[in-house]
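Only one structure is covered here, and it is reproduced in the block below.
The values are calculated or read from the model by the stated rules, or taken from the named source; none is laboratory data. None of these values were measured; they are calculated from a predicted model. Positions of Cβ are backbone-derived with ideal geometry, glycine not excepted, and every protein chain shown enters the neighbour counts. Surface areas here come from the heavy atoms of the whole protein model, side chains and all, with no ligands, DNA or RNA. Shrake-Rupley method; radii C 1.70, N 1.55, O 1.52, S 1.80 Å.
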Amino acid sequence: MHARPDATSLASRRSCCAGLLTLALTPAWAQFRVEISGVGATQLPVAVARFRDEDKAGPNAAISAIIRADLERSGQFRNLDVSAALDETSQPALADWRGRGADALLAGSVSRLADGRWDVRYKLWDVVKGQDLGGQSLAVVTADLRLAAHRIADAVYEHLTGDKGVFATRIAYVTRAANRFTLRITDADGEGGQVALTSVEPIISPAWSPDGRELAYVSFEQQKAVVWVQEVASGQRRSLANFRGSNSAPAWSPDGRQLALSLSRDGGTQLFSIGRDGSGLKRLTQSGAIDTEATFTPDGRTIYFVSDRGGGPQVYRMPAAGGNAERVTFTGAYNISPALSPDGRTLAYVSRLGGGNFRLHTLDLSSGNILVLSDTNEDESPSFAPNGKLIIYASRAQGRDVLMTSTLDGRIKTRLLSSGLDVREPVWGPYNR
Amino acid sequence: MKRLSSALAVLAVAALSAACSSPVKLEEKSEVPIESRNTMPGGGAGNAAGAGSAGAAQSQVATVSVDRSAVSGAARIVYFDYDSFVVKDEFRALVESNAKRMTASKSLRASIEGHTDERGGREYNLALGQKRAEAVLRAMSLLGVTEAQLEAVSFGKERPAAQGSDEAAWARNRRAELKDK
């Protein structure tokens, strides 16, 4: 806190401290409330029974409730009421469940192991086909009970949709409150928030390493933009790029061995690559313009980036080692913040429309089709879920910075609200955690 | 505290160089201390235009507030037009007086921090702010300040001087600030 030592500062300092105290006493302050709008064209009706003895693991680990919430939030499922007492050893009369309108049935149990861990078991049935789809046993420590529930939701999602689920993944984002900037990590449902870094100076542009163990980000704690890399589990961190001028916009190569970043060390803002250990700095672009916001294609061969070499900012692409750049976006005068889908087919970006509105767009790279995904006006920082089914991005609603997710067709949106905090700079982590 | 001591160092160096330099510098001698005395309480980041012109009382004691964005007296903020990186003529004198101060004392080091208004992406704005900082750096280099004395950096839209989403706030935020290191 940098309160000024003049007559007016005591009162403001006091109220500032009071504000911090209030926040610290609110246990749920890092967590999100999720609001869903829109529904999928088809919603699979699923019955998730209460897991036997799930209440013994504590109030925050109602396994079946977490699974139900995950499935519902995806917009692709409808939960049916289940009153029957079932577990993974039951032999439910599937014809009856069919009669109740269920397409699938999930049941399971929670039990304590001798070593203090929990054994979470489940079984899934395809009610329509009358088939046992199998199950699994997950042995976890108490702190990972939520994770176990998310993994089961992922298994259900994959069985029923054919796509991998992302409920067990994590999201990193930055909050700002009372002039404090905090880099946070939560489960994909916004629960279980943890703080990775807190600072009085801004933090922007977090980026997950492909193995999910490290976050690169830009911190202004040294009164300038410096790129840091932090190991999430230990909190150990190192400055990766602290050259003269500004250091920003880190992007990991898919093999995790190097990062692309934007440096002004030679004047202007240009793209460079650097080894994850800080070795082998190499300049990638040689333009008199701004080149920034690099992102690698999933095969690691190409870098998409933003450049204003043609006047306004547009998305370009070039070989990952540098070389001839080719313009990718042509519609609109201001297109920034490119993100590529995991299959490399879709480019998400933010485009400025008339009236100064910034909206999330996608470009189908093979057909050239453009979709406007949002109806909000201050969208920023899109990032794909690792299964490519959702995009998370920052926006503004009711005077606050909020996080949104959208399906790729823009039909189902969720708003992640965090009480009293401005939330921004979201980035979806990989499957690994 | 580091800021305070460096601010004092600037004044000391300025006084020293004024005391033992040629008559041409006399003008600067009167300029530097007056501007620093007129730093208004709590108004450290303000534009010090008109400093020393109103005939302040001899017994006046001005409070200097030191925080992370304290500026040590002289006007140190250059404002820019929308989407522009041109140092306007009205800031010529500001650039020249700071260049003079730094050429007179080669041990002085300063950061030039570029800023933008809130519109647009964070990273692109960071690069735009960098461009503003470098424009001021170039202007000072042309006046003899060495590259080693100056570092152009950017805060993009991350550290606005004024809150609000109107042209008045935006105009206050499109700026480059000169800060002693």
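Remarks
- Scan of segment A:176-225 for residues that are more than 10 Å from chain B (Cβ to nearest Cβ), outside any loop (DSSP other than H, G, I, E, B) and either over 26 Å from residue A:420 (Cβ atoms) or of a type in the set (Gly, Ala, Ser) (or both), ordered by number: A:177, A:196, A:199, A:207, A:208, A:214, A:216, A:219
- Subset tally (residues that are closer than 24 Å to residue A:218 by Cα, out of contact with any Pro (no Cβ under 8 Å at 6 or more places or on another chain) and at the interface with chain A (Cβ under 10 Å from one of its Cβ atoms)) for segment B:151-181: 8
- Flag for residue A:368 being out of contact with any strand residue (DSSP E or B) (no Cβ under 8 Å at 6 or more places or on another chain) and either outside any loop (DSSP other than H, G, I, E, B) or farther than 19 Å from residue A:295 by Cβ (or both): yes
- Set side by side, the residues B:148, B:161 differ, and just one is part of a helix (DSSP H, G or I) and either open to solvent by 10 Å² or more (accessible area, probe 1.4 Å) or within 16 Å of residue A:267 (Cα to Cα) (or both), which is B:148.
- Residue among A:431, A:393 that alone is open to solvent by less than 10 Å² (accessible area, probe 1.4 Å) and aromatic (Phe, Trp, Tyr): A:393
- Residue in segment A:264-274 that is farther than 21 Å from residue A:172 by Cα and surrounded by fewer than 14 Cβ atoms within 10 Å (Cβ to Cβ) present: yes
- Residue A:256 vs. criteria within 27 Å of residue B:109 (Cβ to Cβ), open to solvent by less than 40 Å² (accessible area, probe 1.4 Å) and away from every other protein chain (no Cβ under 14 Å): no
- Residues of segment A:215-243 satisfying the condition of being open to solvent by 10 Å² or more (accessible area, probe 1.4 Å) and under 12 Å from residue A:261 (Cα atoms): A:228, A:240, A:242, A:243
- Residue count for segment A:260-298 under the criterion of being more than 23 Å from residue A:314 (Cβ to Cβ) and away from every other protein chain (no Cβ under 14 Å): the result is 9.
- Set A:172, A:177: member being open to solvent by less than 50 Å² (accessible area, probe 1.4 Å), under 18 Å from the mean Cα position of the chain (by Cα), farther than 27 Å from residue A:46 by Cα and not aromatic (Phe, Trp, Tyr): A:172
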